[in-house]
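Laboratory data are not the source of any read-out in this text; all were calculated from the coordinates shown. In this text, all values refer to a predicted model and were calculated from it rather than measured experimentally. Glycine also receives a Cβ, built like all others from the backbone with ideal geometry; neighbour counts cover every protein chain displayed.
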Amino acid sequence: MSANRDEILKELGLWPVWKLREPPAADALSGSTGAARSADALSGGAGASRALPKRPPVVADAASALPLDARAAEIARMDWPQLKASVAGCTACPLHKGRNKTVFGVGDEQAEWMFIGEGPGADEDAKGEPFVGQAGKLLDNMLAAIGLKRGKNVYIGNMVKCRPPGNRNPEPLEVSQCEPYLRRQIGLIGPKLIVALGKVAAVNLLKRDASVASLRGKVLEYQGTPLIVTYHPAYLLRSLPDKAKAWEDLCFAVETMNSLQNTKPAPI
Ligand code: SF4
């Protein structure tokens, strides 16, 4: 990278340098990388105290009761309306008990770019949209830095569609129950490139435990789709040195996209 640190930060919309206005919440100090955890901390824990609208009653989706293999096969045949309805009524894992809204994903349903994080936080749970709040603003700035915009040739989703309680990382069982939805979204979209945001997304998509540091800078793969790994925006909000690395990753993503064949896989 020829750009110096300040130029990188300006590119990412992070100049002057972000500073917390209030002390972070206790769980943020634990070093966790959870999106919501950080978003809560950065907003002064607003997610915990905000009055949320009354939860709408959940009409359980029939697929929720099926064994995982049968359920995955059923989901793999769904079209967009069926998939959205199934997620809205999903009770397949315990995360449904604490959610206010499912967070299906947002963006261009024929996008070449797909960004995947770990799960909804407080703001996302309230709005039903991924990556809102401070981490979402940073993601939007990261997209803008490489000429992209939310909703335009970009789709944004998460490993799980309901907020984990206490904003912990999703458990393996929760990820395995929710992954058929993500897999079907990827199949319907047919992105050219997936960008995994943070360790939780990376290790669950790649099915191997490794650090983000060891996975970045490589073209990996999720079910035949090229995948690269970078840091989660919520983590970047509290780790200044890694913002420059994230900028390198974005540049690498653009190079990778440019090097891919000029054909878009047909939706499955
Ligand atoms: Fe269903 Fe996924 Fe929500 Fe679990 S996290 S209840 S599998 S939509």
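Write down the Kirkwood hydrodynamic radius of segment 79-261, to one decimal in angstroms, obtained as one divided by the mean of 1/r over all alpha carbon pairs.
Working: mean 1/r = 0.0617 Å⁻¹.
Taking the inverse mean of 1/r over all distinct Cα pairs, segment 79-261 comes out at 16.2 Å.
If I model a spin label as a point 7 Å beyond the Cα along the Cα-Cβ vector, how far apart are those points for K84 and E255 in nm?
3.9
Cα-Cα pairs above 24 Å in segment 81-177: how many percent? Spell out each step's value before the answer.
Numbers: 965 of 4656 pairs.
Here the tail beyond 24 Å accounts for 21 percent of pairs.
Return the subset of K97/K243; K127/K152; K97/K218; K101/K218; K97/K137 for which the Cα-Cα distance in this structure is over 32 Å, preserving the input order. If you can, show how the numbers build up before the last one.
Details: K97/K243 35 Å; K127/K152 20 Å; K97/K218 38 Å; K101/K218 35 Å; K97/K137 28 Å.
K97/K243; K97/K218; K101/K218, as the Cα separations exceed 32 Å there.
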